[in-house]
Amino acid sequence: AVVSTQSTGEVEVLERPESVLLRETYNDRNIFGNNMLGAEEALRESGLPFVILRCADIVGPRDTTYRWWQYQVWSEHFDIINTGFVVPDSLRNMRFSLTYGGDVAQVILSALQKGVTNRVYNVAMEKPFTLPHYLLEMCKTFNNGENCYADFTEAQETYNLYPSNHQGVLSIERAKEELGFTPPPWDTVLAETVEFYGEARLKFTKERNTVLRKLSDNVVPFLSVGILNEVMTKPDLSQTLDTDGPSGPSGPSSGKPLLRSEL
């Protein structure tokens, strides 16, 4: 978990709870976070000069978690998948940050050039998100904004891919002031990443099949699996099969909870 002060841009030193039981509970709940905090502790105790970058969920081309790519396929072929995006009630209004992968490289180079040491920086895009808002932005890219819908649920164990960090929006003021960090606009990141994965479906067949398998295992109704696989392997997506979506071939999804545009 990353703790930051939004108003001042100060990045705080993270401390574990004094209670051994509570500490073990947190460690078991978030193994990745526990390991990352352990790395920070080791660096601070080593006496070596360091720069720590705290990132939100990484997005952009060549993301090997395949989270973006799955949501992109889901959004583009919503009419075939015909299943609403799963949004737990706990995430319905939760604001979070995303980090563009190229920005991490930018900040590393800037830190090296400026010779900063023993500093901690948050790296993220300026734009905050909620999960419904992010999904709507993705659907609108494929002119599906009025047809995509959400399945809001009280269940906590659901197939939602963002955010993995539930600590809110990251402040990047320190990185901007000390390193001259300037993240690209969200529209640029969205267009570039969508274009990359649009081309990747034919260039990187092994990875594409991994994405389709994940969707098939967790999202896509059995009868739609074959159709989705056929569509994703076509050189020209304009020649995709005609399928009726959740509300028919056109028009908004009647009676379904639509995604919200406001944050």
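The values are calculated or read from the model by the stated rules, or taken from the named source; none is laboratory data. Remember, it's a predicted structure, so these values are computed and weren't measured experimentally. Neighbour counts run over all protein chains shown; Cβ positions are idealised from the backbone, glycine included. The area values use the complete protein model at the heavy-atom level, side chains included, leaving out ligands, DNA and RNA. Shrake-Rupley method; radii C 1.70, N 1.55, O 1.52, S 1.80 Å.
Summary of computed values
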read-out: Single unsatisfied condition, residue 174 versus (1) surrounded by 18 or more Cβ atoms within 10 Å (Cβ to Cβ); (2) out of contact with any Lys or Arg (no Cβ under 9 Å at 6 or more places or on another chain); value: (2)
read-out: Any hit, the stretch 96-113, residues being modelled with pLDDT of 95 or more, surrounded by fewer than 17 Cβ atoms within 10 Å (Cβ to Cβ), on the phi > 0 side of the Ramachandran plot and out of contact with any Leu (no Cβ under 7 Å at 6 or more places or on another chain); value: no
read-out: Matching entry among 190, 161 (being within 19 Å of residue 71 (Cβ to Cβ) and either in a loop (DSSP other than H, G, I, E, B) or open to solvent by 30 Å² or more (accessible area, probe 1.4 Å) (or both)); value: 161
read-out: Residue 89 buried (at least 19 other Cβ atoms within 10 Å of the Cβ), farther than 20 Å from residue 200 by Cα and of a type in the set (Asp, Glu); value: no
read-out: Selection within the stretch 71-86 - crowded, with 21+ Cβ neighbours inside 10 Å and part of a strand (DSSP E or B); value: 85
read-out: The one condition in (1) buried (at least 18 other Cβ atoms within 10 Å of the Cβ); (2) outside any helix (DSSP H, G or I) that residue 146 fails to fulfil; value: (1)
read-out: Restricting the stretch 22-69 to residues that are in a helix (DSSP H, G or I) and among the small types (Gly, Ala, Ser), the residue that is surrounded by the most Cβ atoms within 10 Å (Cβ to Cβ); value: 33
